[in-house]
Amino acid sequence: MTVQATTPSPSLAIAPITDADIADVVALWQACGLTRPWNDPSADIALARRGPSSAVLVGRNAGAIVATAMVGHDGHRGWVYYVAVDPNRQGKGLGRTIMAAAEDWLRNAGVPKLQLLVRRENAKAGAFYQSLGYEESTSVMLAKWLDGREATP
């Protein structure tokens, strides 16, 4: 199934991830600095692919994977993670296009609200999302590892 973005880019074809894409997607996430030692990106991909309420969207340009977004929902709130654009192709509208595809995916699922997390030290990402109309929430995120791990920085 191909997902059509609201703001289509002729240079970016977007579709759900395939088995053959996993290594290239993980490499892109690493190149973008999105991976952390406490999160196995391959396990995150497998978890997102388990059910109909989440997906990993892959944007291709001339066959190469150049953008991604992991999207999912709980029926009310949607979430986006692992938004990545090849560092050599940033600033060309590909981030906007993959985010539009993630928003469309959630709209098609009937989800009325999208939320995302940005690390405080990532001012560039914060500015990008604000340019798309996202606003800082007044909510505070709390977290707890259910497998007994210590809190991560």
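The values are calculated or read from the model by the stated rules, or taken from the named source; none is laboratory data. Remember, it's a predicted structure, so these values are computed and weren't measured experimentally. Glycine gets a Cβ as well: all are built from the backbone with ideal geometry, and neighbour counts include every protein chain shown. Keep in mind that these areas ignore ligands, DNA and RNA; they rest on the heavy atoms of the full protein, side chains included. Shrake-Rupley method; radii C 1.70, N 1.55, O 1.52, S 1.80 Å.
Quick look at the values:
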quantity: For the chain: accessible area per residue (Å², 1.4 Å); calculated: 62 Å²
quantity: Cα shape, the chain, gyration tensor, a/c 1.5 rule; calculated: rounded
quantity: Average Cα contact separation per residue, the chain, under 8 Å, 6 or more apart, as relative contact order %; calculated: 22 percent
quantity: Hits among aspartates and glutamates - C-alpha to C-alpha of K113 under 13 Å, sequence gap 8 or more where chains match; calculated: D74, E103, D104, E135
quantity: Cross-link partners of K92 among lysines (Cα-Cα below 23 Å; sequence separation of 8 or more within a chain); calculated: K124
quantity: Heavy atoms of R119: accessible area, 1.4 Å probe, square angstrom to 10; calculated: 100 Å²
quantity: Local electrostatic count at A48 - Lys and Arg +1, Asp and Glu -1, tallied over other residues with Cβ under 14 Å; calculated: -3
quantity: Estimated 222 nm signal from helices in the chain, with DSSP H stretches of n ≥ 4 weighted -39500 (n - 2.57), rounded to 500; calculated: -8000 deg cm²/dmol
quantity: Within straight-line cross-link reach of K144, aspartates and glutamates at Cα separation under 18 Å, skipping those fewer than 8 residues along the same chain; calculated: D40, D44
quantity: Residues of the stretch 40-75 with amide N under 11 Å of the 7 Å Cα→Cβ point at L132; calculated: 68-71
quantity: Share of carbon and sulfur in the accessible heavy-atom surface of the chain [1.4 Å probe, %]; calculated: 53 percent
